[in-house]
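Trainee: Handing you a structure now.
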Amino acid sequence: HSLLILNGPNLNLLGLRQPEVYGRTTLADVEAMCHAHAETLGVALDFAQSNHEGAMIDAIHAARGTKDGIILNAGAYTHTSVALMDAISSAEVPTIELHLSNVHAREEFRHVSYIAKVALGVICGFGPRGYTLAMDALVSHLDR
Ligand code: DQA
């Protein structure tokens, strides 16, 4: 299988940004962890981050027909972006919505997700480990 892990706005500052919420692990650490896990699973992995909604949409479109699954941490766009939701529908690639934090235990505006409406499932609240949990879930879905 070939997977895309796509991270949205502000996640480039992971490890520095609000460490009391998101921890001290950097996105580079998460990326290294995901590549190591991809090797044990025997899957190909692209790992990307963008602060730009349009660039994220382009990345999701590029996954159409080329990737078997997407893990999407859309950051704050989760709660606002009909365009990202439509991109996932258009790509027709099974997508897991992911968050480091438990968005349901936070502010009300984080309880709304446009991504969840078109996602295979949602993983949140497990910090960086959520990335490898999502990889396992996606691979077991693809192998079902
Ligand atoms: C986040 C949760 C979002 O609400 C927030 O805007 C983020 C990070 C998470 O991984 O916990 O940027 O997606």
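The values are calculated or read from the model by the stated rules, or taken from the named source; none is laboratory data. Everything numeric here is computed off the predicted structure, so don't read it as measured data. Cβ: placed from backbone, ideal geometry, glycine included. Neighbour counts: every protein chain shown.
Trainee: Evaluate the stretch 34-45: report whether one residue or more is assigned to a strand (DSSP E or B) and either touching a strand residue (DSSP E or B) at 6+ places or on another chain (Cβ under 7 Å) or within 16 Å of the ligand (Cβ to nearest atom) (or both).
Mentor: Within the stretch 34-45, one or more residues are assigned to a strand (DSSP E or B) and either touching a strand residue (DSSP E or B) at 6+ places or on another chain (Cβ under 7 Å) or within 16 Å of the ligand (Cβ to nearest atom) (or both).
Trainee: A follow-up question, please. Kindly evaluate Val122 against the criterion of being within 14 Å of the ligand (Cβ to nearest atom), among the β-branched types (Val, Ile, Thr) and either surrounded by fewer than 20 Cβ atoms within 10 Å (Cβ to Cβ) or modelled with pLDDT under 95 (or both). Full working, then the answer.
Mentor: On the way: within 14 Å of the ligand (Cβ to nearest atom): yes; among the β-branched types (Val, Ile, Thr): yes; either surrounded by fewer than 20 Cβ atoms within 10 Å (Cβ to Cβ) or modelled with pLDDT under 95 (or both): yes.
Answer is yes for this residue.
Trainee: Among the listed residues Glu97, Glu107, Glu92, identify the single one that is within 10 Å of the ligand (Cβ to nearest atom) and surrounded by fewer than 17 Cβ atoms within 10 Å (Cβ to Cβ). Steps first, please.
Mentor: Numbers: Glu97 fails: surrounded by fewer than 17 Cβ atoms within 10 Å (Cβ to Cβ); Glu92 fails: within 10 Å of the ligand (Cβ to nearest atom).
Answer to the selection: Glu107.
Trainee: Scan the stretch 54-70 and tell me whether some residue there is closer than 16 Å to Thr132 by Cα, within 11 Å of the ligand (Cβ to nearest atom) and touching a strand residue (DSSP E or B) at 6+ places or on another chain (Cβ under 9 Å).
Mentor: There is no residue in the stretch 54-70 that is closer than 16 Å to Thr132 by Cα, within 11 Å of the ligand (Cβ to nearest atom) and touching a strand residue (DSSP E or B) at 6+ places or on another chain (Cβ under 9 Å).
Trainee: Counting just the residues of the stretch 127-144 that are touching a residue at least 24 places away in the same chain (Cβ under 8 Å) and within 13 Å of the ligand (Cβ to nearest atom), which one comes out farthest from Leu27 (Cα to Cα)?
Mentor: Ala134
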